[in-house]
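Written out below as structure tokens is the structure these notes cover.
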Amino acid sequence: MLTDWRLAATAILFCCAVLFTCIETSAQQIPKEIAARTEIYGIPSLTISDQQFLNGDSNGKAVTVGGEFRIAQGSGRLPVVVLMHGSSGVGAGMDGWVRHFNGMGISTFVIDGFSGRGLTATGPNQALLGRLNLIVDIYHSLEILAKHPRVDPERIVLMGFSRGGQATLYASLDRFNKLWNKSGVQFAAYIPFYPDCSTGYLTDTEVAARPIRIFHGTPDDYNPVASCKAYAARLQEARRDVVLTEYPDSAHGFDAGLIGNNTVVEATGSQTVRHCTIREGEGGVLMNASTQAPFSYKDACVELGPHVGGNPTTALEARKAVSDFLQALFKLS
């Protein structure tokens, strides 16, 4: 017969075994789309004009923007998708992409380029922030990720939406990388969603030797697809690896269909440069091609009231296309 202390010890060991089994079972039941760890970063950056950016002038206002790094379940160095928001900041749709990528075993790094600058949105007044600032934020985020022990620096992809899609597209330029990317690494690919392609930069067909995959909607009247098709054609003529996928019946922000936002509405008061043609001029000045004067958001070509809204069918098609692309690029099993 067991003595009292042996009985107590046996009971404790039994309870510990049950507890560890429950913990292990519980861990195994955590959905894959739930990140194993979340880290919050202050990203040192700058607020500068587009002209300063184009001239490599870093004499701007120092600012700290935010980054949320969700490390996917898995071990060792994992691939990462860096996500850059549009003119409305980090919205509800971003989390759907984050959870989807985490579920694939891909970590995510979401940049908030607005809050640290005291902004919530730029849609009604795009002049509040030079568009190229977001590229500075992106490159500084890449510096953080390139040194992280849980990141494979050869498998970091950049993906952005609208204003963030424009930043994603042009972050691929060799010239911009040389001027501003101090990380020592390059993105493995660039995935812009419905970017604005109305601005032409000097040497803008000289891009990184990495894939560029653009996703756009045919009826988009915020950032019309026509200028992106023209830019993609120039890149293809220069033998760059670029593919533009165009979806019918898909307004600006069509991937909002992934979270049930399926109604297309007018973005009342939001500015669009859909009828502007902007070119980089001498000294890094962005010029209105029609007036041959420096571009301003007060120009006659700037209009209001574009439409936004999701399309669940094409949103799913686009998510599958992105997933298939990343599966192959990252060599995921």
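Quick note: the coordinates plus some simple rules give every number you see, no bench work behind them. What you see is a predicted model, and the numbers here were worked out from it, not measured in a lab. As a convention, Cβ positions derive from the backbone with ideal geometry for all residues, glycine included, and neighbour counts pool all protein chains shown.
Select from Gln271, Pro224, Ala238 the residue farthest towards the positive end of the dipole of the range 132-280; place +1 on Cβ of Lys and Arg, -1 on Cβ of Asp and Glu, and compute about the Cα centre.
Result: Ala238.
Could you run the Karplus curve 6.51 cos²θ - 1.76 cosθ + 1.60 with θ = phi - 60° over the range 189-200 and give me ³J(HN,Hα) per residue in whole Hz, x for Gly and Pro?
6, 10, 10, x, 9, 5, x, 8, 10, 7, 9, x
Let's test the formula: R0 of 22 Å, r as the Cβ-Cβ distance of Met104 and Asp249. What FRET efficiency results, to the nearest 0.05?
0.20
Between the range 195-220 and the range 62-121, how far is it from one alpha carbon centroid to the other, in angstrom?
First find each Cα centre; the distance between them is then 21 Å.
Helix 133-146 versus the longest principal axis of the chain: what angle, 0 to 90°, nearest 10, using Cα atoms?
That helix lies at roughly 30 degrees to the long axis.
For Tyr247, which sequence-distant residues (separation of 5 or more, or a different chain) have an amide H within less than 5 Å of its own amide H, given hydrogens modelled in the peptide plane?
Correct list: His216, Gly217, Thr218.
Rounding to the nearest 10 and keeping the result within 0 to 90°, find how far the Cα-based axis of helix 4-28 lies from the longest principal axis of the chain.
20
For the range 244-333, which chymotrypsin sites (Phe, Trp or Tyr not before Pro) are in a loop by DSSP, counting at most 13 other Cβ atoms within 10 Å?
Answer by residue number: Tyr297.
Could you work out the pair-distance distribution P(r) of the range 95-252 from its alpha-carbon pairs, with 10 angstrom bin width and percents rounded to whole numbers?
With a bin width of 10 Å, the distribution comes to 10, 39, 38, 13, 0.
Around Gly160, which amide H atoms from residues at least 5 apart in sequence, or from another chain, sit under 5 Å from its own amide H, with H modelled in the peptide plane?
Result for Gly160 returns Met84, Ile191, Phe193.
What residue among Tyr201, Gln166, Tyr139 has its Cα farthest toward the positive end of the dipole of the range 136-201, where the charges are +1 on Lys, Arg and -1 on Asp, Glu, each on the Cβ?
Farthest along the dipole direction, towards plus: Tyr139.
What number comes out for the charge environment of Asp324, summing +1 per Lys or Arg and -1 per Asp or Glu over other residues with Cβ under 12 Å away?
+2
Could you run the Karplus curve 6.51 cos²θ - 1.76 cosθ + 1.60 with θ = phi - 60° over the range 255-272 and give me ³J(HN,Hα) per residue in whole Hz, x for Gly and Pro?
6, 4, x, 5, 10, x, 8, 10, 9, 8, 10, 7, 7, 4, x, 7, 8, 9
Per Stokes-Einstein, at 20 °C and 1.002 mPa s, what whole-number D in µm² s⁻¹ belongs to the chain, with the Kirkwood radius over Cα pairs as the hydrodynamic radius?
Approximately 101 µm²/s, per Stokes-Einstein.
Calculate, for Leu316 and Glu143, the FRET efficiency according to 1/(1 + (r/R0)^6) with r their C-beta to C-beta distance and R0 41 Å; round to the nearest 0.05.
Using R0 = 41 Å, I get an efficiency of 0.75.
Computed FRET efficiency, Cβ-Cβ of Val285 and Arg234, R0 25 Å: what is it to the nearest 0.05?
That gives a FRET efficiency of 0.70.
What is the range 118-235's relative contact order, in percent, from Cα pairs under 8 angstrom and six or more apart in sequence?
24
Describe numerically, in nm with one decimal, the distance between label points set 7 Å from Cα along Cα→Cβ at Ser58 and at Gln29.
That separation, rounded to one decimal, is 5.2 nm.
Please list the non-local residues whose amide H lies under 5 Å from the amide H of Val242, H modeled 1.01 Å from N, same-chain partners needing a gap of 5 or more.
Ile212
Decide, for the range 205-297, between rounded, prolate and oblate: order the square roots of the alpha carbon gyration tensor eigenvalues as a ≥ b ≥ c, take rounded if a/c falls under 1.5, and otherwise choose prolate if a/b is larger than b/c, else oblate.
Oblate is the answer for the range 205-297, as a/c is 1.5 or above yet b/c matches or exceeds a/b.
Label Glu39 and Ala293 with points 7 Å out from Cα along Cα→Cβ: what is the distance between them in nm?
Between Glu39 and Ala293, the label points sit 5.0 nm apart.
Pairs of alpha-carbon atoms within less than 8 angstrom and 6+ residues apart define the contacts here; what relative contact order does the chain have, in percent?
Dividing the mean separation by the residue count of the chain yields 14 percent.
Find out how many positive minus negative residues lie around Asp112, taking Lys and Arg as positive, Asp and Glu as negative, among other residues whose Cβ is under 15 Å from that of Asp112.
-1
Can you give the calculated 222 nm mean residue ellipticity of the chain, where each DSSP H run of n ≥ 4 adds -39,500 (n - 2.57) and the sum is split over every residue, rounded to the nearest 500 deg cm²/dmol?
Helices in the chain give a 222 nm mean residue ellipticity of -10000 deg cm²/dmol.
Among all stretches of the chain without exposed trypsin sites (Lys or Arg not before Pro) (DSSP loop, at most 12 other Cβ atoms within 10 Å), which one is longest?
1-146
I'd like the orientation of helix 312-329 relative to the chain: the angle between its Cα long axis and the longest Cα principal axis, in ° from 0 to 90, rounded to 10.
70
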